[in-house]
Every structure is written in C-alpha cells, then in structure tokens.
1. Considering only residues that are touching a strand residue (DSSP E or B) at 6+ places or on another chain (Cβ under 7 Å) and in contact (Cβ under 8 Å) with a residue 12 or more places away in the chain, look in the stretch 101-117 and name the one that is surrounded by the fewest Cβ atoms within 10 Å (Cβ to Cβ).
2. Taking residue 287, is it under 21 Å from residue 373 (Cα atoms) and free of Cβ contacts under 8 Å to residues at least 24 places away in the same chain?
3. If you scan the stretch 237-257, which residues turn out to be surrounded by 24 or more Cβ atoms within 10 Å (Cβ to Cβ) and within 16 Å of the ligand (Cβ to nearest atom)?
4. Just checking, does the stretch 268-286 include any residue being within 21 Å of the chain's Cα centre (by Cα), within 16 Å of the ligand (Cβ to nearest atom) and on the phi > 0 side of the Ramachandran plot?
5. Report whether or not residue 192 is more than 16 Å from the ligand (Cβ to nearest atom), buried (at least 24 other Cβ atoms within 10 Å of the Cβ) and in a helix (DSSP H, G or I).
6. For residue 15, are the conditions met, namely being over 16 Å from residue 100 (Cα atoms), touching a helix residue (DSSP H, G or I) at 6+ places or on another chain (Cβ under 9 Å) and more than 16 Å from the ligand (Cβ to nearest atom)?
7. Of 243, 295, which residue is closer than 24 Å to residue 210 by Cα and in contact with a strand residue (DSSP E or B) (Cβ under 8 Å, 6 or more places away or on another chain)?
8. Show the residue pairs meeting these rules: Cβ distance below 7 Å; 6+ apart or different chains; first residue within the stretch 236-251 and closer than 17 Å to residue 41 by Cα and in a loop (DSSP other than H, G, I, E, B); second residue at pLDDT 95 or above and within 11 Å of the ligand (Cβ to nearest atom).
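The values are calculated or read from the model by the stated rules, or taken from the named source; none is laboratory data. Please read all numbers here as calculations on a predicted model, not as lab measurements. Heads up, the Cβs are rebuilt from the backbone with ideal geometry, glycines too, and the neighbour counts pull from every protein chain shown.
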Ligand SMILES: [Zn+2]
C-alpha cells in the first residue's frame, strides 16, 4: 500500500530535546522498533557522529531489520565557504547506512542577518550544493526549511527561492518547518497551498506546539497538500513539544479518511504510545487525546446510559480503532447501569441485586473519602467481593515499618512483613527509599515466589492527598497509585487517617488487581507482540513516597 501521507518520526532527535529526556542507544533502538510496528515510514535517528561512543545507535541500527520504516540521518547544510564534499558533517551523512538524509537549512533572512551572518546568495548555494552532493552519493534527501513560516511572512520571495534551490538540487521532499511554533492553522494552510502552486513538489510539515496548535497546523498543512508529517511520539520536544504524531495519525485516518498505515496498525496506537512513555520514563498523560486513560471515560448517568445504548452519542471515534478502551467512571452520580457495564467489561456477570449492593457500597465508601474514578483496579476488586469472585493473594499477620533519621542527616527505612500464602508463613525484611517503598519491597519479596508475575509490575504513579472534608473523623489521607505491567495500567486507592495504612491498602489492591484473570496473559502476549519475544519491559518511573 502506498501511503497517502507519510509519517516521519523525530522522537529520537527533536523529541530528545525535551526536558529530562535521555535514552541509551539500546533504548532508542527499542523506540525505533515500536515505531516500526506502528507503521511509521521514516524514523529520524539524529546526527551521525564520528565519535564512536555517540555513534552506538547508528551501529545498532545498521544491523537491524525494519518491516515498514526507513532510517533517516539528520544534518545541516554545509558550512559557509566550504565545498560540500569537504564538509566533515556532510561526509558522515554520505557514509552512513541510512538511505534517507534530512538536511536542515535557513529560509528566514532575519536568521541570516542576526544569527549565522551568511549572505542570502551564499545561503542558497549552501542549500543547493549540500543537497546535490548527498544526491550524487545516492541518498534520498528531505530538505527541512527551518523557520519557513516566519521567513515566508517576512519575505515570501526569498523563502520560496530557498525552497526552489532545494527542489532543483534534487530534494525529494521539502518540509516546511514552524520551528518557533509561531503560526496558526490558517496561515500554515495558506502558505502550504502557495508553495504547492509555486513549486509543485512534494511537501512535508514540521510544527511545534508553542501556540497549542502543533497538531492543528500539521493537519492544516495536509489539507493544503502536504504529504509527509514530521512529529514526535506523545508530543515530546523542547519548550511545549513537537506536533504529537499520536494525535496526528488517528486524525489523518479517522477524520480525514487518508491512508497512512497498514490495516490493523492504528489499533496499536495506545499500546505504542504507552510503551514509548515507559521507555522514556514518562508517566502517560491520562488526558491525552485518543490514547489517554480518560480519552473515552464517561461519568454521570446520562452519558453512561447514552454510551451503553449507542456509543456515537458521546464518543467521537470508536475506542478500539486506536487500541483504547472505554472507561465508565464510577461515582455517586452513577447508578446500577454503570456498575453493570463496568462489570461486563471485566468479564463478570452482575445481577440487579448485586449491582445495587455495589452501588450502596460505593456510596458508603465515597462518603468516607474514597473515589473510584481513577482506581479501576480497586473497583474491579470491589465488584468481585460482591460476586464472590474474589480470593485474597495472602493473609497479613503483621507488618512493621521503621524510619530512622541520624544526626548526619541520613534517613534509613526498613520494613518487616509477616504473611501467609497458601498456608505457608513468609517473613521478609527490606530497606527502601521511603516507608511505602520499603513495604512494597518486603511484600513483594515475600510473595513473588508464589506469584512471579508480580515482579514485573511497576509502581508508576503515587499521589497523596489530605482530605479534610471527610465527615466526622477529621482529616484523612487518600492514596492513589497506578501500577503497570508494561502494557496495561490500573489504579488503586486506599484511605485512612494513617498515611502508611492508606498506602498499604492501595498497594495490596494494586498487586491483587495485577493478578486478576487474564491480565498476566494479556501483558505477556501483547508485550511479546510489541517487542519481539526476546525483549523485556522498560524501566518505569518509581516515585519514592
Ligand atoms: Zn523542530
């Protein structure tokens, strides 16, 4: 299938400019494979380097096979007053194994005057000669016209001359860049149309989200004729980030009816977005369009009833199309219908009477500070307790946590736990970075012999809130935590006047929810599917409460 719009991912270069982003060569390789499985056409791997340490990624990539994607090497137009063939950076590009090279160059006179101090005509030669050199070396070249929209606003004639120089030198695609994120969709659309009319060559679009319209600008450019979209996974990137390909792709396919990826690949979107978050050590944004945990979450009786009758009433696309699930939020507002629908999603039959009991139970718990909207794991367990489908993983005999602070300022934490699993007593002690971490370590040490899958679960989010509004008993602490098996993430909740007790309750729920029927199998299958059988799961962020 020839895609109508090509996806060009720059997570490994522009995305890595984002705050706190840092990946090893091996992790970058895993990102590349995840992108390939999603159907991304071009994966930009960054600058090739002459430094062997920095070149590790190119070495790894050269040995790999990709189903869909081609690797793109990135570089700049030649230095001024140098011949292209004498420019060491261009030589590295020519020598790299990558079949495609993207060259970024200037189009905005302001930059020539204030930043590079290169004469406008010399800049045109730099563009043309660099592209011609790489083309002659057998590379396909994409020209990234840096600051194109700013340049076009300032001096459209010169901006177009830059593009023409690139096209005539053999670039197969001219990508218009909104490098500062200064433009709005209408402007992007009009400029893209004007370039198409003037040059008639294939165009691409590269936008940033500084004005909150990175995705909108990309779509506007596509509607005006661009056939390649550059962006990053989950919108990573410096400042406010790049255009988010995770949002762009479903919009192209589902809203604009354009073919981008092979059938079935769009359904990998959610797991790919989360997997890459995991590799990059970023907590998935629950409100992210299409793939967020809340993207198809419904609260309130009327919404829920509508969705149950016909999903189109309150949903813009089918969640399964992007590999997401519908979430029906549970709250005081909702009645039996929500609870029954939720139970059905978890594969449980819940009769009217049991559903009514669950609703009563939820109401009672919510009045003491519980809130199940973000705690789907705990809610699953709650339903199972009502249907008799619940068996605890272990019986607690006791636990003890010691926090010791020394004169030197050092703080040490240790937890000891005594539990019974299948009639056997397990006693374990563990140190941790905090009381909850120590408890988690001790509990898991005691239990993984029986349930090895629990070793793979990662605590990815830990939130503590003091609720003073809870009735009667004074302030209570609510702990919400998210546990992940690398594929699915679920929430668990604990409420108590004691923060350790609240954390413990949430921790136990999160582990028990991780062992619910089907979850372990799904995690294994989908992970192997996504990564190839020999790959493990990435490290997830572990907050240290
Ligand atoms: Zn950029």
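1. 116
2. So residue 287 fits the description; yes.
3. Of everything in the stretch 237-257, those that are surrounded by 24 or more Cβ atoms within 10 Å (Cβ to Cβ) and within 16 Å of the ligand (Cβ to nearest atom) turn out to be 237, 242, 243, 244, 245, 248.
4. Checked the stretch 268-286: no residue is within 21 Å of the chain's Cα centre (by Cα), within 16 Å of the ligand (Cβ to nearest atom) and on the phi > 0 side of the Ramachandran plot.
5. yes
6. no
7. Residue meeting the stated conditions: 243.
8. Pairs found: 243/207; 243/209; 243/214; 243/231.
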